[in-house]
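Colleague: The following block contains the structure, expressed as structure tokens.
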Amino acid sequence: MPVADRIELTTPVGRSWEAVIRMVLGGIADRLDLGFDQLDDLQLAVERLLAEGDPHDPVTISFELSQGGVRARVGPLRDAALADALQGPEPPPGELTLPRILSTVVDSYGVEEVADGHLVVRLEKLVRAQ
Amino acid sequence: MNPVELSTATDRDLLRRYHEEGDASAREVLVERHLPLVRSLARRYAGRGESLDDIEQVGAIGLIKAIDRYELSREVALTTYATPNVVGEIKRHFRDKGWAIRVPRALQELNGKMGPTIERLTSKLGRSPSIAEIAGEFKTTTEQVVEAMEAGSAYAPLSLSAGPSGDEELDPMETIGSTDAGYERTDDRASLEPALAALPDREREILRMRFEDGLTQTQIAERVGISQMHVSRLIRRSLERMRSQLG
């Protein structure tokens, strides 16, 4: 996915700041011509990561936009349990876990960096042919 | 302890039973017993753009947190300990909603019209419309559409404090389950499974359709007979409720 543009947002974490993140995602979805449901999926993925990752400090979300879609990186999330869950085996059918939620709403995800207990989670959402 | 003994036990005895023996019924009695305190405190914040019921529900979360965090070594009455927790929870709720209160009326109105328009466009296009297509319908800018979408999110907080919005939905208080003995949240943070069973049937079914069967929001909306935006809201609220239970 060749990168054309990059947006980076560092924000405090908490319900009162979620609107800021959603607005940025809305703008990105507009630029990429994502469908309303794709925007909603991407917002949900980021929201769940921030909620389950339990960050205590500001988090940086970077977006790399290309014609093919958007790649987001969310971190640092200091949560070893989260890293284990995201890197572990596929959850059994019928179990509702964060990996299952992410695999449903984005095209791919992964833990990109784990150092000193910090991790950055990568999310990719492809532009669906309209 | 039988139900009668529980109802006549002192707060301290109930707290001891809950914290030392994991007796969830003792916790329920404590919550029920101190709901009048929550109602009394909630009334102070009435008339600020939130229904009293919603404020009471938020306050009840503060009460539950106070019960859960109470340390038996404290020589302080539960009411004394719970009051700042309840008030704090209510204040935090209003603070978090501060942005919403300032949403311009034009955006509120645009948001109100957006759901039916998205449904109509989805049906017409055979897919979910883009923001530009929605903006085209309203002859407005895409920025206005994004802002109006957010206005909707802000006015319908997707949290445990949102309260029930229909007959089929449980009051958040009813969805709060007991904590299993030895349960460690950290180990299970990524698993929402333990809280799934406590959701209302419809919400559980929607989550199953979305995350197990892989249906899109549009497909779920058609099956359940509600709008896509409502499906989106229910999914978020369900996940938030489940997480709150685990927290």
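Nothing in this text is a laboratory measurement; each read-out follows from the coordinates by a stated rule. Model, not experiment: these values are computed from the prediction. Please note: Cβ atoms are built from the backbone with ideal geometry, for glycine as well, and neighbour counts cover all protein chains shown.
Colleague: Please sort through the DSSP H helices of chain A and keep those with an alpha-carbon extent of at least 15 Å along the long axis and a Kyte-Doolittle average not below -0.5.
Modeller: A:15-32, A:36-53
Colleague: Defining a contact as two alpha carbons under 8 Å apart and six or more residues distant in sequence, what relative contact order in percent does chain A show?
Modeller: 28
Colleague: By per-residue mean of other Cβ atoms within 10 Å, what is the highest-first order of B:62-74, B:124-136, B:228-240?
Modeller: B:228-240, B:124-136, B:62-74
Colleague: If you place +1 on the Cβ of every Lys and Arg and -1 on the Cβ of every Asp and Glu, how big does the dipole about the Cα centre of chain A come out, in debye to the nearest 20? Numbers along the way, then the final one.
Modeller: Values: 12 positive and 22 negative charges, 48 e Å.
I would put it at about 220 debye.
Colleague: Which whole-number percent of Cα pairs in the stretch A:5-126 have a distance greater than 21 Å?
Modeller: 34
Colleague: Oh, and also: Per residue of B:140-150, how many C-beta atoms from partner chains lie within 10 Å of its own C-beta, taken as a mean?
Modeller: That average works out to 4.
Colleague: What is the set of long-range amide H partners of A:Gly69 at a cut-off below 5 Å, with H atoms built 1.01 Å from backbone N?
Modeller: Long-range HN contacts for A:Gly69: A:Val127.
Colleague: Provide a whole-number value for the mean count of partner chain Cβ atoms within 10 Å of the Cβ atoms in peptide B:126-134.
Modeller: 6
Colleague: In peptide A:93-101, how many Cβ atoms from other protein chains are near each Cβ within 10 Å, on average?
Modeller: Per residue, the number of nearby Cβ atoms from other chains is 6 on average.
Colleague: Provide the gained length on full extension for the span B:Arg69 to B:Val4, in nm with one decimal, where the gain is 0.36 nm per separating residue minus the Cα-Cα distance.
Modeller: 20.8 nm
Colleague: Just to be sure I follow the definition: excluding the sites themselves, where is the longest run in chain A that has none of the trypsin sites (Lys or Arg not before Pro) in a DSSP loop with at most 16 other Cβ atoms within 10 Å? List each step's numbers first, then the result.
Modeller: Working: sites that count: A:Arg78, A:Arg128.
Counting at most 16 other Cβ atoms within 10 Å as exposed, the longest clean stretch of chain A is A:1-77.
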